[in-house]
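Let me begin by presenting the structure, written as structure tokens, before commenting on it.
What follows draws every value from the coordinates through simple rules; no lab data is involved. Predicted model, so just to flag it, every value in this text is computed and none were measured. Using ideal geometry, Cβ is built from the backbone for each residue, glycine included, and neighbour counts are taken over all protein chains shown.
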Amino acid sequence: MPHEAISVFDMFKIGIGPSSSHTLGPWKAALNCLDSIRSKGGIQNVISIEILLYGSLAKTGKRHGTDIAVMLGLAGEHPETMDVNAITLKIEQISSTCELVLNGEQAVFFNPQQHIHFLYKDSLPFHPNALTFLIAFNNGDHLSETYYSIGGGFVVKEGQTFSRENIIELPFPINTAAELLHWCMKTGLAINEVVLENESTWRPEAETKSGILHIWNTMKDCMYMGCHHFGNLPGGLHVKRRAFDLNNKLINGRAYHDYATWIKAIKAGGSSFNYTLDWVSCFALSVNEENAAFGRVVTAPTNGAAGVIPAVLNYFVVFCNETDQVDEEKVIKFLLTAAEIGSIFKKGATISAAMGGCQAEIGVSSAMAAGALTEVLGGTQRQALMAAEIAMEHHLGLTCDPIGGLVQIPCIERNTMGAIKAITASQLALQSSPDFAKVSLDKVIATMWNTALDMNSKYKETSDGGLAIQLPISLSEC
């Protein structure tokens, strides 16, 4: 059976908030479009460019920074490396001069108000997150390319085909949880070990581990910065950051100066239930407040759900280890396992809120975290998959209804709930026997997908239903 080869670095991408499908995806689409321009007409020969945003990208694009993302991508900036503090200045410069320098090479007249079109009533059939680039060259030729941002920063170009030669053949091909378990049972390997073997198809093991630790370091930086930034989030809702005050309250005056000493200071406060619970919430809040403020985050598997996995992994680092030293090998195992569970959801359902509602984002991230935590706490492969199933089972039907189209309410708090549910699901699985489980992970993924198909489109990242219309905010207010 054909299988889709998805790497850990496909599931965990470093980017800029607030949305993986509405910010990172369009940004990557713009970069891909530059490659097409370069090969089909030459960047130096472009005289004009227009962008059409369809469906969900149009309805919440302003609040998710879709227009900002495509301009930065066309300017040749990369989301993993661009200085987040330079974004505002760059966009103001484009707007004030009405000039966009494609890939830093070719200046073209570009007025964002005139050349970016939000087609609120139009949607393309393949996916709600669609955008088209219309390019004109000085010889009279034209180029039109349409891309779909399908969730988690994954982008598909319309008409794109893959030859057999470009398909990666993994030693352990996996589409479903049952297939993952099959390889674990056949080889005796843990889930993370199976995944590491597959990753070796792309690169040496040492390179994979180094890359995963880079992902973790980005997550750590995001958490730490989120706990030390205060004020209101941008966008017009005037949402007050909470991680800063919560961190100060919980740390209770204990001194620290970086992440390592911060962890020691947190551990020194004890491990009572309330204290632990508050810190897990603080970790999750900090990441998603950074995400809402156009900070650098890791898709896990999306930006809107970026706080769950770092919060649960930091919970493991702080409260599940007797020493102050971070066990990097266990961090690597955690993220390998989480990535594989996320990829199974992507293959069997979706990780796009525009397709499946928030169950596809917070639900999937919670399942990823639950399975990964279970494995690093010593659970079996079947217990890890059981934990992932439990976490998703209790997110089924969760809608995506961001107020004002911003990734703030209820998105930020939902990350705290997803993290807590992941820890609870892990504990339930560790105290249970999978032999008596009635629902498999594959069954819950199928249920999630069927639920997504039945869900009314107004509950899928459009701000047309749910909480978004209980507290209506006009675009002009944001």
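Is the shape of the stretch 221-370 rounded, prolate or oblate, going by the alpha carbon gyration tensor and its root eigenvalues a ≥ b ≥ c, with a/c under 1.5 for rounded and a/b larger than b/c for prolate? Cα axes put the stretch 221-370 in the oblate bin.
Relative protection proxy for 124-131, 82-89, from highest mean packing down: 124-131, 82-89 (other beta-carbon atoms within 10 angstrom). Under 24 Å of direct C-alpha separation, and excluding same-chain neighbours fewer than eight residues apart, LYS333 reaches these lysines: LYS13, LYS186, LYS209, LYS220, LYS264, LYS267, LYS346, LYS347, LYS421.
Using r as the Cβ-Cβ distance of GLN93 and ASP258, and R0 as 41 Å, what FRET efficiency do you calculate, to the nearest 0.05? Could the numbers behind the result be given before it?
Values: r = 34 Å, r/R0 = 0.83.
According to the calculation, E is roughly 0.75.
Annotation: lysines with alpha-carbon distance below 21 angstrom to LYS40 (same-chain offsets under eight excluded): LYS28, LYS157. Between the C-alpha center of the stretch 262-290 and that of the stretch 109-177 there is a gap of 40 Å. For the chain, the membrane-span-like helix rule (DSSP H, alpha carbon extent of at least 27 Å along the helix axis, mean Kyte-Doolittle at least -1.0) picks out 205-226, 273-292, 328-348, 411-430; this says nothing about an actual membrane.
Start at zero, step by 5 Å, and the Cα-Cα distances of the stretch 177-470 spread as 1, 6, 13, 17, 19, 17, 13, 9, 5, 1, 0 percent across the bins.
Computing FRET efficiency as 1/(1 + (r/R0)^6) for GLN431 and GLU158, where r is the C-beta to C-beta distance and R0 is 60 Å, gives about 0.80. When peptides 150-158, 114-122, 201-209, 296-304 are ranked by their average number of other Cβ atoms within 10 Å per residue, the highest-first order is 296-304, 150-158, 114-122, 201-209. Rounded to the nearest 20 debye, the dipole magnitude of the chain is 800 debye, with +1 charges on Lys and Arg beta carbons, -1 on Asp and Glu beta carbons, and the Cα centre as origin.
Model label points for ALA86 and LYS347, set 7 angstrom from Cα along the Cα-to-Cβ axis, are 3.9 nm apart. For the stretch 13-157, a simple Cβ point-charge model (Lys and Arg +1, Asp and Glu -1, everything else neutral) yields a dipole of about 420 debye relative to the Cα centre.
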